[in-house]
Amino acid sequence: MKASDVFIKALENEGVKYIFGIPGEETLDLLDSLIDSKISFINVRHETVAGYMAATVGRLTGMAGVCLSTIGPGAANLVPAAAYSNLGGWPMVMITGQKPVKSNPQGRFQFIRTSDMMSAVTKSSKTFYGGKNINWMTREAFKTAESERPGAVHLELPEDVAKEYVVQDYILKVKEDPAVASENSINEAVKVMTEAKKPIICLASGCNRKANQQALSKLVKQTCIPFITTQLGKGAVDERNPDYLGNACLSSNMILSNAVKAADVILVIGHDDFEKPPFKMQHDPRVIIHLNYTRANIDPEYCPTYEVIGDIANAVNRITDKLSSMKCLWEFDYFRKLKKTIDKSMLPTINADQYPLCPSRIVNDTREAMPDDGIVCLDNGMYKIWYARNYRANQPNTLLLDNALATMGAGLASAISAKLLYPQRKVIAVCGDGGFMMHCQDLETAVRLNLNLVVLILRDNAFGMIKWKQESQGLPNFSLDIGNPDFTKFAESFGAKGHFIENTEDLLPALKSALDSNGVHLIDCPIDYESDNKILKYDFKEIARNTEEGMI
């Protein structure tokens, strides 16, 4: 059997359903082996998009997504996606071609040391030097990508190795039981929690990586401990829960920071330092309990007092059962008063009729248009803060945003991938005009795949977040304004349906109509950040003082 056939069989053995990528002459044998495979090859328009799509498969399923590129420039284009996967903790296996390793008549044409390059942004990067190594190296690659902490793995297949004839030899997947936290660490955490007066819970990225919702929901339901989330922890527990305080995604002067400051014990579940810390801990008098699959990386911003290391669901269930049987004298009145203030802070412009639209109105309309299981895939930009803050995620992984690499250009790709995985669910990509234009060519991919998909472009004709940062630092407005095409005509040129929002009240019906219709719909929505940005700049010291004095 040809080595490329063996490789495809090995991928099938891993449960791979899709390979996203762009083939090249060095990967033609692999492409030939895919013809009779159960695996679908999704030809995209840019290798980085293929990587983002594969990483999204890993994010949503816990099983490594797979992408493919040729040598040189194609392989180099996978680097941003590798970093996206690795920092986000989403398992992915990248396959790249390479020049023949035994004899190469083309010299160094298009040659770069791909494996060395990928080593900087992956968990592992290896080259197949013989067909007989394909099965065990593929099994090892998937195990590495999917094991804690998940991330990107790279495999390089030289052209002459792909052509070798080898004896097929399957290596079966072995189901491994997850490591569980020690009883001593569980008891320590329970003791600290029972002795606390004002504990809170912080749900971070690890909470969304596996099936943890049932255990986490049980914890907050049975204990009624107030909880917050990081951006990557959104939706791990239904955010309509009355004990949900909000998202720790903004600066330290925001209202939610008062809850963190008031807590004497914080149980932080699923946090690692690839995501921005939800609060600063340097010289912190509070007790911090780190509960995660892996140990904390200690630094001045994150230095927990206790650690509970092991499978999150298992540890949370054990802690919940112990806390439920104990009498705890917790005081939550302050947090409940603060929650009312936090909820009010999200309302001022939510019904504003200004045009161009303000961010909070757009978020509100998106939430009203989407069902509970609908998936909103964000690109990266100023609007991400508003979706993280105001969009209530009612199920896990229904608001996909990136707060690790925080790259622009991934929103459309992740939406295409999500729709392929869950064709019956509503999916919308929310992109700034800057981010959308980075990989807008893959609108054709969505059309070619006959997807029912909505792309909402928030257009301010600028790199909005950097412009806001520039202004907040007192710097003059310089070099951040951009031009855009007519997005309606742009969409139609790809075979999609284009819509332009001319009035504020048009957005919600346009979203509902597009989500209920077949085909790819692109909605061009002008946005004005200025009115809502005043909320971000607002000094909440007076609110904090009033809250402490019981005036709120």
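No value in this document is a laboratory result; all are computed from the given coordinates. Every value quoted in this text rests on a predicted model; they were computed, and no experiment measured them. FYI the Cβ positions are ideal-geometry reconstructions off the backbone, even for glycines, and counts take in every protein chain you see.
Rounded to the nearest angstrom and listed largest first, the equivalent-ellipsoid semi-axes of segment 349-536 from its Cα gyration tensor are 24, 18, 16. Quarter the surface of the alpha carbon convex hull of segment 183-343 and you get the mean projected area, 8.3 square nanometres.
In what order do E505, E148 fall by count of nearby beta-carbon atoms within 10 Å, going from fewest to most? Before the final figure, lay out the partial values.
On the way: E505 14, E148 18.
Least crowded to most crowded, the residues run E505, E148.
Beta bridges per DSSP, both residues in the chain: antiparallel share near 5 percent.
Report the Cα centroid-to-centroid distance between segment 45-99 and segment 506-520 in angstrom, as an integer. Cα centroid to Cα centroid, the span is 31 Å.
Dipole check for the chain: with +1 at the C-beta of Lys and Arg, -1 at the C-beta of Asp and Glu, and the Cα centre as origin, the magnitude is about 1000 Debye.
Positive-end ranking of P150, M137, V93 along the dipole of segment 3-163, with charges on Cβ about the Cα centre, is headed by P150.
At 25 °C and 0.890 mPa s, grab the translational diffusion coefficient of segment 127-249 from Stokes-Einstein with a Kirkwood Rh over Cα pairs, rounded to a whole number in µm² per second.
Working: Rh = 18.4 Å.
Translational diffusion coefficient: 133 µm²/s.
Volume per residue for segment 432-529 equals 96 cubic angstrom (convex hull of Cα atoms). The base-10 log of I(q)/I(0) for the chain, evaluated at q = 0.13 Å⁻¹, reads -1.31 [Debye formula, identical scatterers on Cα atoms, solvent excluded].
Within 10 Å of each residue's Cβ, count the other Cβ atoms and sort Y334, Y52, Y165, Y84 from fewest upward. Write out the running numbers ahead of the final one.
Numbers: Y334 18, Y52 35, Y165 10, Y84 29.
Ascending Cβ contact count within 10 Å gives the list Y165, Y334, Y84, Y52.
Using the 10 angstrom Cβ neighbour count as an exposure proxy, how do S325, S493 rank, fewest first?
S325, S493
Kindly work out what percent of the DSSP beta bridges joining two residues of segment 349-536 are antiparallel, to the nearest 5.
Looking only at bridges with both residues in segment 349-536, the antiparallel portion is about 5 percent.
DSSP beta bridges fully contained in segment 183-343 are about 5 percent antiparallel.
Just check segment 1-127 against the gyration tensor rule for me: Cα atoms, a ≥ b ≥ c as the square roots of the eigenvalues, rounded for a/c under 1.5, and otherwise prolate or oblate depending on whether a/b exceeds b/c. If you can, show how the numbers build up before the last one.
Numbers: a/c = 1.75, a/b = 1.15, b/c = 1.52.
The shape class here is oblate.
First check a/c for segment 362-449, with a ≥ b ≥ c the square roots of the eigenvalues of its C-alpha gyration tensor; if it is under 1.5, answer rounded, and if not, answer prolate when a/b is larger than b/c or oblate otherwise. Verdict is oblate for segment 362-449.
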